[in-house]
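Right, one structure below, let's go through it.
The values are calculated or read from the model by the stated rules, or taken from the named source; none is laboratory data. Nothing here was measured: the structure is a model prediction, and the numbers come from that model. For neighbour counting, all protein chains shown are included, and Cβ atoms are generated from backbone atoms with ideal geometry for every residue, glycine included. For accessibility, only protein heavy atoms count, side chains too; no ligands or nucleic acids. Shrake-Rupley method; radii C 1.70, N 1.55, O 1.52, S 1.80 Å.
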Amino acid sequence: TQIGEQVLEAACKSACDWMSEGFEITVAVNVSPRQFQISDLTDVVLGILKRTGLPPHRLELEITESMAVAEPDKVARVMRPLRMLGTKLAIDDFGTGHSNLSILTQLPFDVFKIDRQFVSALETDEQAPAIVEMILAMAETLGLKTVAEGVETERQADFLRQRGCSMAQGFLYSAGLPDDAFLDFIRGWGKQSRPTQLKAG
């Protein structure tokens, strides 16, 4: 859990640095099941936000689908004070777990992240497009944003864009980058005729 806190604090600090350069970026950070077991996770996150100076609405916490289904009450309890301040909650790798949809619709999610296995299969598996369309439609009905993971081709990106996917990440745009290289990347991104909303984490 200590490593998890260090990662979260480093990500928040980096986001503040990017904001000081004029980039309004949301930083997304995975929260492990072990981190969720600590009793004061809410206070830990609030403390990190205070120390780094990152506005709460610029932080997005990601949890796995299996964790959400296993401990929905704890997820709701931890996130309630954070969401009141504007912090977002994303469900990671959506579609790979054994979801109880009635539970998922009761939890305070803001973002569905579509698992890369469905995205990578869009051009090879007859069922993958229907699954992705279903997830996007459900997210739209619930008023949630969507992030497609593992986008590698323009055809995948076009499919997702045409069906209203909010954001995408993957090698089509960039491999994972260290802080300085990411700052150079977003400086270049802003000069292109592309959407400027990026997500780090």
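Summed over the range 69-93, the residues that are modelled with pLDDT under 90, outside any helix (DSSP H, G or I) and open to solvent by less than 10 Å² (accessible area, probe 1.4 Å) give a count of 1. For Ala68, the conditions (1) farther than 26 Å from Leu142 by Cβ; (2) of a type in the set (A, V, I, L, M); (3) out of contact with any Ser or Thr (no Cβ under 7 Å at 6 or more places or on another chain) are fulfilled apart from (1). For the range 29-57, a tally of residues being among the hydroxyl-bearing types (Ser, Thr, Tyr) and closer than 19 Å to Lys13 by Cα returns 2. When Leu54 is tested against (1) within 24 Å of Gly164 (Cβ to Cβ); (2) in contact (Cβ under 8 Å) with a residue 40 or more places away in the chain, just one condition goes unmet, and that condition is (1).
Among the residues of the range 32-68, those that are open to solvent by 30 Å² or more (accessible area, probe 1.4 Å), closer than 22 Å to Lys145 by Cα and not in a helix (DSSP H, G or I) comprise Ser32, Pro55, Thr64. In this structure, Glu5 does not qualify as buried (at least 18 other Cβ atoms within 10 Å of the Cβ), at pLDDT 85 or above, over 23 Å from Glu149 (Cβ atoms) and of a type in the set (D, E, K, R).
Restricting to the range 1-31, what's the tally of residues that are without any contact (Cβ under 8 Å) to a residue 24 or more places away in the chain, more than 16 Å from the chain's Cα centre (by Cα) and assigned to a helix (DSSP H, G or I)? Number of matching residues: 5.
Report yes if Val151 is within 28 Å of His57 (Cα to Cα), outside any strand (DSSP E or B) and under 19 Å from the mean Cα position of the chain (by Cα), otherwise no. Yes; evaluated as a whole, the condition is true for this residue.
Within the range 134-151, the set of residues being more than 14 Å from Val111 (Cβ to Cβ) and either in contact with a helix residue (DSSP H, G or I) (Cβ under 6 Å, 6 or more places away or on another chain) or modelled with pLDDT of 95 or more (or both) comprises Gly150, Val151.
Before we move on, is Ala157 without any contact (Cβ under 8 Å) to a residue 24 or more places away in the chain, open to solvent by less than 30 Å² (accessible area, probe 1.4 Å), touching a strand residue (DSSP E or B) at 6+ places or on another chain (Cβ under 9 Å) and at negative phi? Criteria met by Ala157.
Of all the residues in the range 169-178, those that are surrounded by 14 or more Cβ atoms within 10 Å (Cβ to Cβ) and either among the hydroxyl-bearing types (Ser, Thr, Tyr) or under 18 Å from Phe23 (Cβ atoms) (or both) number 3.
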